[in-house]
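Data block below; observations after.
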Amino acid sequence: MSLLLGGCSTTTVSLREGPREYVGTDYESVLRKWTRTEHLIALSELENFLTATATFEAWDFRWAYAVRYVQDYRLTLDQRKQVLEKALAETQQRHQFFVAIQGGERRHADLTKPESAWIVRLIDDTGNETAPEEIVAVRRPNALERTYYPYNTVWRQAFRIRFPRSKEDGRPTISPRASWVGLRFAGAHGASELIWQIDGDGEGETKRAAAAPPTSR
């Protein structure tokens, strides 16, 4: 028997685009808002099959990331514009997640390998399920990745996982009607889902998700 451990409340996020008024010191709170963690544990053996932490690098997150980066590296106004434009343009091409995982045998947790213990899918509550178009292993995280994603410790394996924004028929992979979007890790040991509740009003307040999807399998 396995158990998926997670929180009973969540912070809603907004997928709306548009200007933000972030400063560099806002980054930590924005990172928390866009990051989720789940643990898949075998109760009989107290074995941790999978601990997965992921940051959804959506428009709102990337704006805060770019502002923090500009501040840290003391960039000029022209450089700031270029960094922000590049970061936001990438959100128009794909949905991207920074993911760090651990659990089980390390060689079986490499998501880039065909023999990986886990298959990852982008899901939402309207029934969409999308395979990644690219999974890139972050083999040697640099100082920037260690600092900006502090959960990415030496005990974990890190990846950037990219999904298409649209299906072959043109429909979006995250429905405009979706009330939540998630990452599903599925394998022989069970399934774990990291869920981002979507705030239709764009307010992004913390609330208990009475209609949240199941947190165990």
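Taking Cα centroids, how far is the range 13-82 from the range 158-198 in Å? Distance between centres, Cα-based: 17 Å. A quarter of the convex hull surface defined by the alpha-carbon atoms of the range 38-111 gives 6.8 nm² as the mean projection.
Across all C-alpha atoms in the range 73-124, the radius of gyration and Dmax reach 17.2, 47 Å.
Database remark: amide H of residue 94 closer than 5 angstrom to no amide H (H placed geometrically; neighbours at sequence offset of 5 or more, or on other chains; Pro and chain starts carry no H). Accessible surface area normalised per residue over the range 8-86 is 54 Å², counting heavy atoms of protein chains with a 1.4 Å rolling probe. Taking a label point 7 Å from the Cα of residue 151 along the Cα→Cβ vector, which residues of the range 36-79 have an amide N closer than 13 Å to it? Zone members listed by number: 36-40, 51-57.
Averaging 1/r over every pair of different alpha carbons in the range 101-207 and inverting the result gives a Kirkwood radius of 15.6 Å. Shown in residue order for the range 22-28 are the 3J(HN,Hα) couplings computed by the Karplus curve 6.51 cos²θ - 1.76 cosθ + 1.60 at θ = phi - 60°: 7, 10, x, 6, 7, 4, 4 Hz (x for Gly and Pro). Residue-wise HN-Hα couplings along the range 116-133, as the Karplus relation 6.51 cos²θ - 1.76 cosθ + 1.60 with θ = phi - 60° gives them from phi, are 4, 6, 10, 10, 10, 9, 8, 10, 9, 7, 8, x, 5, 9, 10, 7, x, 8 Hz; Gly and Pro carry x. Estimated from helical segments only, the mean residue ellipticity of the chain at 222 nm is -6000 deg cm²/dmol, where each DSSP H run of four or more residues counts as -39500 (n - 2.57).
Note on residue 86 and residue 32: with the Förster distance fixed at 25 Å, the Cβ-Cβ geometry gives a FRET efficiency of about 0.55. Looking at the calculated P(r) for the range 15-63, what percent of the C-alpha pair distances fall above 16 Å? Percentage above 16 Å: 53.
Rg over Rh for the chain works out to 0.96, using Cα positions for both radii and the Kirkwood form for Rh. Can you tell me which aspartates and glutamates have their Cα less than 18 Å from the Cα of residue 81? Leave out same-chain residues fewer than eight positions away. Result set, ordered by chain and number: 17, 21, 60, 72, 90. Simple spin-label estimate for residue 137 and residue 188 gives 2.0 nm between the two label positions (7 Å along the Cα-to-Cβ direction from each Cα). For the chain, set up a GNM with springs between Cα atoms under 10 Å and report which of 50, 144, 84 has the largest fluctuation. In this elastic network of the chain, the residue with the biggest mean-square fluctuation among 50, 144, 84 is 144. Using a Gaussian network model of the chain in which every pair of alpha carbons under 10 angstrom is joined by a spring, one finds that among 193, 145, 57 the greatest mean-square fluctuation is at 145.
Result for the chain in a Gaussian network model with C-alpha springs under 10 Å: among 92, 102, 79, the largest mean-square fluctuation is at 79.
Amide H to amide H, with H built 1.01 Å from N, residue 49 comes under 5 Å of 40, 41, 42, counting only residues 5 or more places away or on other chains.
Across the range 72-86, coupling constants 3J(HN,Hα) worked out from phi with the 6.51/-1.76/1.60 Karplus curve, θ = phi - 60°, read 4, 9, 6, 7, 6, 4, 5, 5, 4, 4, 5, 4, 5, 4, 5 Hz, and Gly and Pro carry x. The Cα atoms of the range 44-172 define a convex hull whose projected area, averaged across directions, is 10.1 nm².
The values are calculated or read from the model by the stated rules, or taken from the named source; none is laboratory data. Everything quoted here is computed from the prediction, not taken from an experiment. Ideal geometry is used to build each Cβ from the backbone, glycine not excepted, and the neighbour counts take in all protein chains shown. In case anyone asks, the SASA skips ligands and DNA or RNA and just uses the protein heavy atoms, side chains included. Shrake-Rupley method; radii C 1.70, N 1.55, O 1.52, S 1.80 Å.
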